[in-house]
Amino acid sequence: MTTLPRPTAQLSADEARRIALRAQGFLGAPNRKGGVRGVLRHLGAVQLDTISVLARSHELIPYARLGAVGRGTVDRAYWSTAPVSTSPKQPHAFEYWSHAACILPIEEWPHFAFRRRAYRSRPHWNHALPDGAYDRVIKQLRAEGPLTATELGGAKRTSEWWDWSGEKVAVERALMYGEVVCVERRGWKRVYDLAERAIPAELLHDELDDTECLRRLVRLAGEALGVGTRADIADYHRLKAEQVDAVIADSGLVPVTVAGWGKPAWADPAALETAPRGRHRTTLLSPFDSLIWERARTERIFGFTHRLEAYTPKQKRVYGYFAMPVLAGGHLVGRVDPARDGRTLVAKQINLVGPKAVPGVAQALREAASWVDCTDVRVERVDTPELREPLTRELNRTLA
């Protein structure tokens, strides 16, 4: 059994919560100068998902931290290259498997070499690769430049989501191996290119060994979380517990204890230097936001249980299809299941933790409505009926 080093600090649960909020960009002045790219680099990973209600999750992530940044601005920040005067053009981000399918800062390409190697040595796959398909895809990309799966010959054989064409299987395999990269989305479709052409030359290598890759990703996870258990840190980039154990002592993170957590924790030493202070962000959160994407951590830090119910049968849903937690005053104070009806933001279902949640939920709804160019908010259902009138009154006041 590994002997743990002596903790360098003892944190209260409240201190840990505030450290986590600041680390994730929800406490203190937002870095508007860094903008969307600054958010990406600060978090280290922004999760992608196909669901789009108010917006797609990768748009909701910077909105939650920066406020009403334009959706076009968000996509350009992720996918546009450096100015034309830069030769060759430099991408700012690439898409790869981290916590899930994520947008990642381009400078982290070398640190995912361990995962590319693991995929290359993988003995079997869910999708069979037709003979010759891999070589055909690489040859076509080399000859024609960046292409979508459709342009490569078709993404699917049938309408079923899992029934990939041979070309789609091949290009996704090449993406995982690192021979192909996605540094752009076009109409939500991945645009594939050869890594040798798209990744800056100084980053295009797999020279780092697994230990160095893992040490870097553990450090990045600790900085993005502020403070976390081994399981929290492992989950951030979906590492194995033993991978974290092998490098955490040399990662630069420091051991701490947090009251009530019950397990050892590690913190970013910079997060311990000053007490977290400043303005709390009030906002709707994507269920895929890195502040809350790990359920056990969310329950431990905020005392708030949440799960995405989009894939739950409708009759079994408790809070709604895409219920978005509401962050206000540094706490999770409720949930909103949103939709749009023309220029009206529809709150199909609202769950409040109590009367004190009303102002925060109203503010979050008002700002979200403005962001998606809605002029009104309609509340359809409030789980606590006696709070419906105060919420409606607060909304009418803030929308006036």
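The values are calculated or read from the model by the stated rules, or taken from the named source; none is laboratory data. No experiment lies behind these values; they were computed from the predicted model shown. As a convention, Cβ positions derive from the backbone with ideal geometry for all residues, glycine included, and neighbour counts pool all protein chains shown. For the accessible areas, the whole protein counts, side chains as well, though only heavy atoms, and no ligand, DNA or RNA atoms are used. Shrake-Rupley method; radii C 1.70, N 1.55, O 1.52, S 1.80 Å.
Couple of notes before you dig in:
- Test: residue 234 is farther than 30 Å from residue 148 by Cβ, open to solvent by less than 20 Å² (accessible area, probe 1.4 Å), modelled with pLDDT of 95 or more and of a type in the set (A, V, I, L, M, F, W, C): yes
- If you check 48, 66, 60 for being open to solvent by less than 30 Å² (accessible area, probe 1.4 Å) and under 27 Å from residue 196 (Cα atoms), only one passes: 48.
- Matching entry among 352, 391, 308 (being of a type in the set (A, V, I, L, M) and open to solvent by 20 Å² or more (accessible area, probe 1.4 Å)): 308
- The lone exception for residue 183 - which of (1) outside any helix (DSSP H, G or I); (2) at pLDDT 95 or above; (3) in contact with a strand residue (DSSP E or B) (Cβ under 9 Å, 6 or more places away or on another chain) it fails: (2)
- Among the candidates 318, 377, the residue that is of a type in the set (A, V, I, L, M), open to solvent by 30 Å² or more (accessible area, probe 1.4 Å) and either over 25 Å from residue 47 (Cα atoms) or more than 21 Å from the chain's Cα centre (by Cα) (or both) is uniquely 318.
- Looking across region 199-246, the residues that are in contact with a strand residue (DSSP E or B) (Cβ under 9 Å, 6 or more places away or on another chain), part of a loop (DSSP other than H, G, I, E, B) and not β-branched (Val, Ile, Thr) come down to 200, 226, 237, 238.
- Contact map, region 102-129: residues that are within 18 Å of residue 198 (Cβ to Cβ) paired with residues that are open to solvent by 60 Å² or more (accessible area, probe 1.4 Å), Cβ distance under 6 Å, separation 6+ or inter-chain. Pairs shown: 105/41; 111/216.
- Residue within region 130-143 that is loosely packed, with under 13 Cβ neighbours inside 10 Å, under 27 Å from the mean Cα position of the chain (by Cα), more than 30 Å from residue 80 (Cβ to Cβ) and not acidic (Asp, Glu) present: no
- Test: residue in region 269-279 that is in contact (Cβ under 8 Å) with a residue 40 or more places away in the chain, more than 30 Å from residue 230 (Cβ to Cβ) and among the charged types (D, E, K, R): yes
- Condition met for residue 111 (open to solvent by less than 70 Å² (accessible area, probe 1.4 Å), in contact with a Cys (Cβ under 8 Å, 6 or more places away or on another chain), under 26 Å from residue 49 (Cβ atoms) and not charged (D, E, K, R)): yes
- For residue 364, the conditions (1) closer than 28 Å to residue 42 by Cα; (2) in contact with a strand residue (DSSP E or B) (Cβ under 7 Å, 6 or more places away or on another chain); (3) among the aliphatic types (A, V, I, L, M); (4) surrounded by fewer than 20 Cβ atoms within 10 Å (Cβ to Cβ) all hold with the exception of (4).
- Taken together, 322, 304 contain a single residue that is touching a Leu at 6+ places or on another chain (Cβ under 8 Å) and within 23 Å of residue 390 (Cβ to Cβ), which is 304.
- Taken over region 175-230, the criterion of being among the polar types (S, T, N, Q), over 30 Å from residue 275 (Cβ atoms) and buried (at least 16 other Cβ atoms within 10 Å of the Cβ) is satisfied by no residue.
- Which numbered condition residue 268 misses (of (1) within 21 Å of the chain's Cα centre (by Cα); (2) within 28 Å of residue 20 (Cα to Cα); (3) open to solvent by less than 10 Å² (accessible area, probe 1.4 Å)): (3)
- Residues satisfying the stated conditions in region 7-24, i.e. among the hydrophobic types (A, V, I, L, M, F, W, C) and part of a helix (DSSP H, G or I): 13, 16, 19, 20, 21, 23
- Considering region 284-299, the residues that are open to solvent by 20 Å² or more (accessible area, probe 1.4 Å) and in contact (Cβ under 8 Å) with a residue 40 or more places away in the chain include one that is nearest to the chain's Cα centre (by Cα), namely 288.
- Selection over region 5-43 of residues that are under 20 Å from residue 219 (Cβ atoms), surrounded by fewer than 14 Cβ atoms within 10 Å (Cβ to Cβ) and among the charged types (D, E, K, R) gives a count of 0.
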